[in-house]
Amino acid sequence: MKMIMLNLARLFALMAFGESEALTQRYANATPVQTQIEVFDERLVELLPRDSVAVRLATNFVFTEGPVWHRDGYLLFSDIPADTIYKWTPDGKVEVFRKPSGQSNGLTFDSEWRLIACEHRTRRVTRTEKDGTITVLAERYEGKRLNSPNDVVIWLDGSIYFTDPPYGVKPQERELDFQGLYRVSPDGKLTLLAKDFDRPNGLAFSPDGKRLYVDDSARGHLRVFTVNEDGSLSGGEVLAELKSEEPGAPDGMKVDVKGNLYVTGPGGLWIFDGNGKLLGKVKLPEIPANCAFGDSDKRTLFLTARTSLYAIRLNVSGIAP
């Protein structure tokens, strides 16, 4: 049995080398970077081999966030301080998709491939229609302006769930005295689902849509809710802690088809199983703020990290629009 495990480890290592080399061939201007894989549970090497190497795809941004893959083969991501949404394509080109962007942060696509964006400066959640016009989906709760919508996901029925910490608003300009988790139903109704957060941030659904994971940057933990049939939530217990002396905090989050969680946090990317067991960490030259699965097989994990855009290949596909 031990010999079999060692042989598997060598196989995964060879796969990792091949995958990193494939990235440099697949994506123009992709440059391998120093990548540290910390294994806390051997199940990690089935997802991400020990010798995996990430590549830098683009750099010289201000603070990147909110990556999302489009089925037509390109990635959108936000540069919050630059007030810009960029479009990256595998040929290495980076171009402005939208400027100004309302200082967008989290991005996703709905079932019709319309862009949903959380906007810091304008303090709203918007949808870009097929003709390019902007529809405001959420801007006020009970007549009061939202804080600064941060990250967003779409549920099975098309409902939009988003977090609303106060990162993008001055204290004296706040109208709400809490930091909420909200849902916009398919008919456009805005509902407050929970407000017992300090700084709600990244969120993601389990593959079957029955669980919603939400992290709290200030408290350094990850919570899990049960999603009821009507879209409401119950539970909310702490699933995992992301405590470390390293810089950074729980931020963006994605889930693979097996239900494993990929959470950007202190020092790098933290990978958990669906029950909150830490499998390992990935450390890059810069601390990532968010991530997204993409490419034709959804096995490339794109990471927005401070001034750059990175990618790393996995042995498992992720949940992506």
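The values are calculated or read from the model by the stated rules, or taken from the named source; none is laboratory data. Source: prediction; values computed, not measured. Backbone-built Cβ (ideal geometry, glycine too); neighbour counts: all protein chains shown.
Among the residues that make up segment 115-124, is at least one of them closer than 30 Å to Ser232 by Cβ and without any contact (Cβ under 8 Å) to a residue 12 or more places away in the chain? Among the residues of segment 115-124, not one is closer than 30 Å to Ser232 by Cβ and without any contact (Cβ under 8 Å) to a residue 12 or more places away in the chain, which makes the answer no.
Counting only strands (runs of 3 or more DSSP E) that sit wholly inside segment 160-231, those with at least 2 residues that are within 22 Å of Thr264 (Cα to Cα) are 160-164, 180-184, 200-205, 211-216, 221-227. Looking across segment 258-305, the residues that are in contact (Cβ under 8 Å) with a residue 40 or more places away in the chain, closer than 23 Å to Tyr86 by Cα and more than 15 Å from the chain's Cα centre (by Cα) come down to Leu284, Pro285, Asp295, Ser296.
Quick grid of which residues meet (1) of a type outside the set (Ser, Thr, Tyr); (2) surrounded by 18 or more Cβ atoms within 10 Å (Cβ to Cβ); (3) within 19 Å of Thr31 (Cα to Cα):
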residue	(1), (2), (3)
Gly276	yes, no, no
Pro285	yes, no, yes
Thr300	no, yes, yes
Ile312	yes, yes, yes
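The residue of segment 224-263 that is surrounded by the fewest Cβ atoms within 10 Å (Cβ to Cβ), among those that are in contact with a Pro (Cβ under 9 Å, 6 or more places away or on another chain) and among the charged types (D, E, K, R), is Glu245. Exactly one residue out of Thr126, Thr135 is more than 20 Å from the chain's Cα centre (by Cα) and part of a strand (DSSP E or B): that is Thr135. When Val238, Val282 are screened for being β-branched (Val, Ile, Thr), in contact with a His (Cβ under 6 Å, 6 or more places away or on another chain), part of a strand (DSSP E or B) and at pLDDT 95 or above, only Val238 passes. The lone criterion from (1) closer than 22 Å to Gly276 by Cα; (2) crowded, with 19+ Cβ neighbours inside 10 Å; (3) small (Gly, Ala, Ser) left unmet by Gly209 is number (2). Checked against the criterion of being over 26 Å from His120 (Cα atoms), out of contact with any helix residue (DSSP H, G or I) (no Cβ under 9 Å at 6 or more places or on another chain) and in contact (Cβ under 8 Å) with a residue 60 or more places away in the chain, the candidates Gly66, Gly73, Gly106 yield just one match: Gly73.
Per-residue answers, yes or no, for (1) under 20 Å from the mean Cα position of the chain (by Cα); (2) assigned to a strand (DSSP E or B):
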position	(1), (2)
Gln25	no, no
Gln34	no, no
Glu38	no, yes
Asp41	no, no
Pro49	no, no
Val62	yes, no
Leu76	yes, yes
Lys87	yes, yes
Gly92	no, no
